[in-house]
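Everything on this sheet refers to the single structure shown next.
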Amino acid sequence: MDVDAGNPVALGFVASLNRPGGNVTGVTFVTAELGAKQLGLLHELQPGAMRVGVLIDPTYPLTECFVSDVQAAASSIRKQIEVLEAPTGRDVDIAFASLAQKPIDALLVAPSPFLNNRRIQLITLATYHRVPAIYPWREAAEVGGLMSYGASITDAQRQAGIYAGRILKGEKPADLPVIQSSKFEFVINLNTAKAFGLSFPPGLLAIADEVIE
């Protein structure tokens with residue numbers, strides 16, 4: 001039983017979503033495929049933002065797919081993408097320091113366990129450099145990030161609990177299809193917006209699952 005981000009087939013965890021095989025099943029939530037949506041939310045907040053940084057962990061297996069998705073979406077709305085690689089904590093500092101020479105108008109943080117673990121560092125630097133950013137984890141918005149859009153980890157864990165109960169009652173993991181969590185959360189932190197001197201359009205506030213004030 002597992003709860004994880006990304007495509008478990010591509011990552012080699014299961015043979016297929018419908019018939020996982022072996023002794024593994026669980027719940028997976030979409031991350032890499034959300035880049036276009038996240039870029040769209042940044043565009044709605046700041047339609048005039050032309051240069052958008054995309055902070056990535058190049059060692060994460062789903063990064064390439066994420067970047068391709070964002071680049072395609074950026075092309076359709078005529079935005080320029082600046083990819084910033086940060087596989088280590090020091091590289092995160094270097095990436096933000098580079099903004100002095102190559103300024104960006106907004107930042108999209110790519111999904112990866114490493115970057116998630118560094119979210120406080122990312123939020124601190126984004127605030128220091130006054131770069132509006134969107135994150136793939138609601139925890140980022142809860143601790144001061146401007147906004148987040150991503151799959152609901154709480155919902156994925158709830159579904160995993162249901163599966164755990166079925167397995168304890170005797171069902172085999174190999175016979176249980178991997179569930180793809182379909183619940184997404186959009187969280188806005190108005191305190192951070194005020195610190196940045198930004199106002200969220202009413203349309204974005206209306207679709208937010210949570211607005212932190």
Region 50-62 - residue that is crowded, with 20+ Cβ neighbours inside 10 Å and of a type in the set (V, I, T) and, of those, farthest from P136 (Cα to Cα): V52
Any hit, region 104-111, residues being over 20 Å from the mean Cα position of the chain (by Cα) and not in a strand (DSSP E or B): no
Any strands (runs of 3 or more DSSP E) falling wholly within region 1-88 and containing at least 3 residues that are modelled with pLDDT of 95 or more: 51-56, 80-85
Lone unmet requirement of (1) at pLDDT 90 or above; (2) in contact with a Ser or Thr (Cβ under 6 Å, 6 or more places away or on another chain) for F196: (2)
Positions within region 204-213 being in contact (Cβ under 8 Å) with a residue 12 or more places away in the chain and within 21 Å of the chain's Cα centre (by Cα), in sequence order: L204, L205, I207, A208, D209, E210, V211, I212
Those residues of region 67-115 which are of a type in the set (S, T, Y) and surrounded by 21 or more Cβ atoms within 10 Å (Cβ to Cβ), in sequence order: S112
Meets criteria (touching a residue at least 60 places away in the same chain (Cβ under 8 Å) and surrounded by fewer than 20 Cβ atoms within 10 Å (Cβ to Cβ)) for E44: yes
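The values are calculated or read from the model by the stated rules, or taken from the named source; none is laboratory data. Please read these numbers as outputs of a predicted model, since none were measured by experiment. Virtual Cβ from ideal backbone geometry, glycine too; neighbours counted across all protein chains shown.
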